[in-house]
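The structure appears below as structure tokens.
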Amino acid sequence: MRHYFCCRATRIHVELCEGLNIPYVISADNIYNRISRLNPVALENTVNSILNGLRDDNRRGLRTFIIDGTPGDLNINFRSKNISKESLKDKDYAWAWGTAIGYYIGYKVTLVLDYKTKMPVYFMIQRGSPSDTKMVARILPVLRRKKIIRRGDCILFDRGYYSYQNYKLAIQEYKVIPLILVKNNFNIKKLEDILSFPLETFENKKENLDKAKKHYKALVDELMKYITKTKKLKYHRGFIEDFFKVMKVGLGFKN
């Protein structure tokens, strides 16, 4: 699996050089330093252009995706000098916090992977470290606009994305099944109440009402079927962590 990732990372690395107009003859360190100084919008657009070329939507059917985030630590040696938040206000990067690494300077990187192919399909980079719970509302509209997610698809999220409103948003607005790892205080009855039929369902004409209710109920039933089976949902974490390690090397972030 690691060899497979490395092969794919090599291809992406070469295409990054082409997309960012970086000559191959400069050293790897220079490439990484140059990428690290890029505007995050340019980096995001370049990576997604490459990923879009690797996508294969033939015989699509319903799909399962994994969405997770990781710190994009620029490895700035802030211990040797005092770098204030104020001094970074005009920078593309910022002070941030990661549960595993503590304070750092850089970005929040969010990846969307196709579960079946084990390949990334979308890459998002945000200044600082916005809360994972807020990232659901930021990334789902992008994925729908780019036709990456479709009605009935399933998305696996880590516990950091947990909130009742995110379940509601994913099902009612985007018609996807959000399998978010639950927290200890999770109340399934509360979620069922939140996911009762939305008012807009009843705005359908009479001949379409039963169909709309049937489709909505199918999404909720599928969510309830798997939501408490946390052991089956945790499996993806180790896999995506390996992918993050390869990605950070390729983009010049601290591992």
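Every number here is computed from the coordinates shown, using simple stated rules; none is lab data. Source: prediction; values computed, not measured. Don't worry about glycine lacking a Cβ; one is built from the backbone with ideal geometry, like all the others, and counts go over all protein chains shown.
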Under the Karplus relation with 6.51, -1.76 and 1.60 and θ = phi - 60°, whole-Hz ³J(HN,Hα) for the stretch 189-196, x at Gly and Pro, equal 5, 4, 5, 4, 5, 5, 8, 4
Ordered by fewest other Cβ atoms within 10 Å, a rough proxy for footprinting exposure, 222, 44 read 222, 44
The ³J(HN,Hα) series, computed from each phi in the stretch 167-172 with the Karplus coefficients 6.51, -1.76 and 1.60 at θ = phi - 60°, rounded to the nearest Hz and given as x for glycine or proline, is 4, 5, 4, 4, 6, 7
Two pseudo-spin positions, 7 Å from Cα along C-beta at residue 188 and at residue 218, lie apart in nanometres by 2.3 nm
In units of 2.2 N^0.38 Å, the Cα radius of gyration of the stretch 33-191 is 1.14
Between residue 175 and residue 225, the two model label points (7 Å from Cα along the beta-carbon direction) sit apart by a distance in nm of 1.8 nm
For 83-95, 113-125, ranked highest to lowest by mean beta-carbon neighbours within 10 Å, the order is 113-125, 83-95
Once phi for every residue in the stretch 152-157 is put through the Karplus expression 6.51 cos²θ - 1.76 cosθ + 1.60 (θ = phi - 60°), the whole-Hz ³J(HN,Hα) values, with Gly and Pro written as x, are x, 5, 10, 10, 8, 10
So for R0 = 45 Å, FRET eff. of residue 52-residue 254 from the Cβ-Cβ r, to 0.05, ends up at 0.95
